[in-house]
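Down below is the structure, laid out as C-alpha cells.
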Amino acid sequence: RERMTEVEEQFSTRIERLREMVRSGHVDNQDDIKQEMAHFARNFEALRYFVSIATKKHEFRRLSSAQSFYVCGNSDFYMRLNAWYPQGNASGERLKRLKSYFAIDECHNHAVDFFTVGVFGPGYTTEFKVSSSDLSGLQIGDQIDFDSVWTEQLELGRALFIPKTSHFHTQFHPAEYSMSLNLVISEDVKCLQYTLEKDRKTVRDIFDLIGV
C-alpha cells in the first residue's frame, strides 16, 4: 500500500481520537468531541477526503431523508453529511415539498445522542426546546411541557451536542446553501421519536426507532 498522505493521516488520527473519546464517555467528553468536530469545518481538505473515501467505497448513500448521507462509521459511531437549502423563491406546494424533503420547520426529537457541526455556509438556525417530563407514555394528540427554549445558529465551525429524547429542535432554512456534519452515537436501545404539530407542543407522529 502507498504511504498515506498528510491529509489521510490527519483524518485517520482524528477519527481514532474521536473513537477513544466516545468509548470513554461521550457525555463527559462532549466539549473535547465538539472541538475535534470543529476541525472538519476549519480543514476543508479533510472533509473532501472524508467524502471521497465514502464515494470510492460506494458508501455515500442516502439515509433518512433527501438531505442526509452516510460517509463513514465504526462500532461506536457513524458520521453523516447533511445538506441545507435556502428557501429562495419557493412558495406554496413547492415550498411544502422542499420542507418535507429536507426536514425544515419540523419540530422533533431524536432516538440517539449525536453531535453536529457547521462545515459549509452560514448554517441553519434551530430552535431548541427541552422537556424534563417522562415522554414514554405519550400518545398522538398529547401536549408536551417544555422547561426551556432557545435558538442557535449552526454557523461554520459551531459544534453542538444534542441529547436523545429530551431535546426537541426545529431547523429553519439557512440564508445560503449550507452543510452540517453529524457524529451519531451507536446505541442498541430503542427510543421513541416524536414529531410535533406546527404549534411545536402537540404530538403528531410517533416512531419506535434505534439510532435516528
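Under 13 Å from a point placed 7 Å out from the Cα of Ile206 along the Cα-to-Cβ direction: which residues of the range 128-152 have their backbone N that close? It comes to 135-144, nothing else. Fully extending the segment from Asp32 to Glu6, taken as 0.36 nm per residue of separation minus the present Cα-Cα distance, adds 7.1 nm. Accessible surface of the range 150-199, 1.4 Å probe: 50 percent of it comes from carbon and sulfur atoms.
Please report the relative contact order for the range 129-212, taking Cα pairs under 8 Å with a sequence separation of at least 6, and give it as a percent rounded to a whole number. Once normalised by length, the contact order is 34 percent. Each residue, Leu156 and Asp199, gets one label point 7 Å from its Cα in the Cβ direction; the gap between the two is 4.2 nm. Under a Cβ-Cβ cut-off of 14 Å, what is the net charge of the residues other than Ser24 that fall near it, where Lys and Arg count +1 and Asp and Glu count -1? Its environment carries a net charge of -4.
Whole-Hz Karplus values for the range 33-47 come out as 5, 4, 5, 5, 4, 4, 4, 5, 7, 7, 10, 5, 4, 5, 5 Hz, taken residue by residue from phi with 6.51 cos²θ - 1.76 cosθ + 1.60 and θ = phi - 60°; glycine and proline positions read x. For the peptides 40-46, 118-124, 181-187, the ranking by packing is 118-124, 181-187, 40-46, with the highest mean count of neighbouring Cβ atoms within 10 Å listed first.
The values are calculated or read from the model by the stated rules, or taken from the named source; none is laboratory data. Quick caveat, the model's predicted, so the values are computed rather than measured. When we count neighbours, we look across all protein chains shown, and the Cβ atoms used for this are built from the backbone with ideal geometry, even at glycine. Protein only, heavy atoms only, side chains kept; ligands, DNA and RNA dropped before computing areas. Shrake-Rupley method; radii C 1.70, N 1.55, O 1.52, S 1.80 Å.
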